[in-house]
1. If the cut-off is a Cα-Cα distance under 19 Å, which aspartates and glutamates reach B:Lys192, setting aside same-chain residues fewer than 8 apart in sequence?
2. Calculate, in nm to one decimal, what A:Val84 and A:Glu165 gain on full extension: separation in residues at 0.36 nm each, minus their alpha carbon distance.
3. Suppose R0 equals 56 Å. What FRET efficiency, 1/(1 + (r/R0)^6) with r the Cβ-Cβ distance, do A:Arg128 and B:Phe184 give to the nearest 0.05?
4. Please arrange B:Phe261, A:Phe230 by counting, for each residue, the other beta carbons lying within 10 Å of its beta carbon, fewest first.
5. Using the 10 angstrom Cβ neighbour count as an exposure proxy, how do A:Ile246, A:Ile184 rank, fewest first?
6. Can you list the aspartates and glutamates whose alpha carbon sits under 13 Å from that of B:Lys163, skipping same-chain ones fewer than 8 residues off?
7. Is the shape of chain A rounded, prolate or oblate, going by the alpha carbon gyration tensor and its root eigenvalues a ≥ b ≥ c, with a/c under 1.5 for rounded and a/b larger than b/c for prolate?
8. Is there a quick way to get the dipole size of chain A? I mean about its Cα centre, with the Cβ of Lys and Arg at +1 and of Asp and Glu at -1; what is the value in debye to the nearest 20?
Amino acid sequence: MKIGRGEIFAGRALLLLLMTFTLLPFISIFLTALHPSGSVPGGLDWPTDPQWGNFVEAFKVANMSTLIVSSVRIVLMVVPIALVISTMAGFAIGMLRIPGSSLLLLLFVFGLTLPFQGIIIPIYTLERALHIYNTKFAIALPLIALYMPFSVFWMRAHFVNIPVEISEAARVDGATTWDLFRRIHLPLAQAPIASLGILMSIWTWNQFLLALVLVEDPNQRTMAGALGAFQGHYATNVPLLCAGTIIILVPTLLVFVLFQRQIIKALLQGAVKG
Amino acid sequence: MYAVFVLVPFILTIVYSFHRWNGVGPMTWVGLKNYITVFQVPDLLGTIGNAFWLVVWFSFIPVGLGLVVASVINRVATGRFGEISRVVLFLPYIIALVAAGIIWGWLLSLSGLVNQILTAVGLGSITRAWLGDFNWALSAVGVIGIWVLLGFCTVLLSTAMSKVDPSLYEAARIDGSNWINEFFNITVPLLKQEIGVCLTVTVIFALATFDIVYVATAGGPGNATSVPGLQIYILAFSQRNIGLASALAVLLMLLVVVIIFPIQRLNKETY
C-alpha cells in the first residue's frame, strides 16, 4: 500500500497534537505541584525551586496512609466477593444454561444502562435502615451489586465461547457439576477473571458518588472520595491540591501501565458485548 | 447447589431493580406532583437541557473525532507510534473522574494553562475563568468530557477497524479513492455496530455525569452547569427532598432508555 508522504506527515501531526492535548494536563499539575505551597503559579511555569516536600505534606494533611488502608480494604472486600459471585453466575448462565438464563441475562443488560444516580437514594435509605450506613460495608456492599451486570456479562461471554465438548468429556469421566466448575472451567477462566479483577479494583479506587453519599468520614472513603473532601479543604492551595491529586493518580496509572493490554482489551470487550 | 450461587446475584439484581422502583415509592402518595414540579421549575428542567448539550460534547464529538483518529492510526501509524498514541490517548479514561475534574478545574481557571496558551498565541483578550463564565462553563465541562472519552472511542474504533478486510481498502485505492472517500464509504458503514456501542457508552456517560461537574463547578455559576446527576444529589442529600430527587432520577433513567433504545435498534437492523 502506498500512502503519500504528506498524508503520513499530516496524520502523525494530528496524533501528536492529540497526545499533547491528553498529556499536557498531567504535566501541568505535576509542575504546579512542585511550586511553593499556597502560591498561584502559571499553568506550565517551571518551578525554580522544586518543592518535592509538597507531596509529603499532601500525604500528611490528607491522611493518605489511613486512606490507602481504607481504600485497599474496600477493594479487598469488593473484588474477591464480586469475582466469586460473577464467575459462578457467568458459569451458570453461559455454560450450564440453567432455566431462565436468558431472563437473568436480560435483567443484567438492563442493569448495564442504569445510571448510578438513579438508585443512589434507595441505597442510602436502605443502608440507614440496615444500620450499615457510615460503616466499612457501606461502600463495599452496593459496589458488589453494582458491578454485577458488567461482570456477569463478562464472565458469561467467556464461558459461552468454551466448547461444550470439554464439559461433556469430563461428565463422561464422572465429574460432578462442582468438579466441572472447580477443576476444569475455573483454571481455564483465569485470564478473564484476572482482567475483571484489575478493572474492578480501578473502578473501586475511583468510586466517588457512593463514597460521598454513604460515608460521612472522609478517612473511611475510597481514594477518589477522599480527594473530593481534600479539594473542599484546599481549593485555594493549588500546588498542594495538585500534589494530592497526583498521589491519588499514581497507583491507577501504575496499574494501567503494567496491565494496559489486559485493561484496554477488557474494557473494549465489555463495552462491545454490553 | 449452583442454584444458590446463581440466586445470590439474582436476588442482588432484584434488590437492585427493586431499589430503583421503590425509590419512587415514597412519592406515590403525592401522585405526579413531583414530576410536574420537575417540568415547571426552570432550574430542574434546565439540568435536562444541560445534559443534552453535554451529550454533544461527551458523545458526538469524541465518537466523531475518535473515528477520524482511529482511521488515521490505522492508515499512517500502524507500528509502534500508533500503539503508543493509543495508550496515551486512553490514559484519561482510567483515572478517577474526580481527579479529571480537579485537573481541569485548575487548567481552566484564570491563571491556568488554557489561558496561558491563549495569551501565548495572541488571544489574550478572550481569556477568562472559563468555568465561572455563564456562557462558557458548560462547554468548558464538555471539553473535559472530550479529554476523558476520546481515547476510549479511538481505541475501540481502531480495534474494530483493524479487523476490516484490508483488501477492501486496497481495491479502493486501486480505484484511486482518497482518505475521505475511504472514510465515508468503507470505514463508517462497516463500523456501524461499534459506532453504536461507542455512542451508547458515551451517551450514558454524558447523561449520568456527576463526578466531573461536582468537582469542577458544583453546578455553577448559578445553575449553568447543573446536570441531573448532580441535581439528584443536591435535592436528595442537601435539600432532603427525596421525592423530587427520585422523580428526577426516574426521568434520568427514562431519558437514558429513550436515547439508547433507537441506537440499539439501529444496530440490530443493520446486522
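1. By straight Cα distance, B:Lys192 reaches B:Asp165, B:Glu182, B:Glu269.
2. 26.7 nm
3. According to the calculation, E is roughly 0.55.
4. Ascending Cβ contact count within 10 Å gives the list B:Phe261, A:Phe230.
5. With the fewest neighbours first, A:Ile246, A:Ile184 line up as A:Ile184, A:Ile246.
6. Straight-line reach from B:Lys163, under 13 Å: B:Glu194.
7. oblate
8. 540 debye
Just so you know, all these numbers are worked out from the coordinates, no wet-lab data involved. From a predicted model like this one, the values you see are computed outputs, not experimental measurements. Using ideal geometry, Cβ is built from the backbone for each residue, glycine included, and neighbour counts are taken over all protein chains shown.
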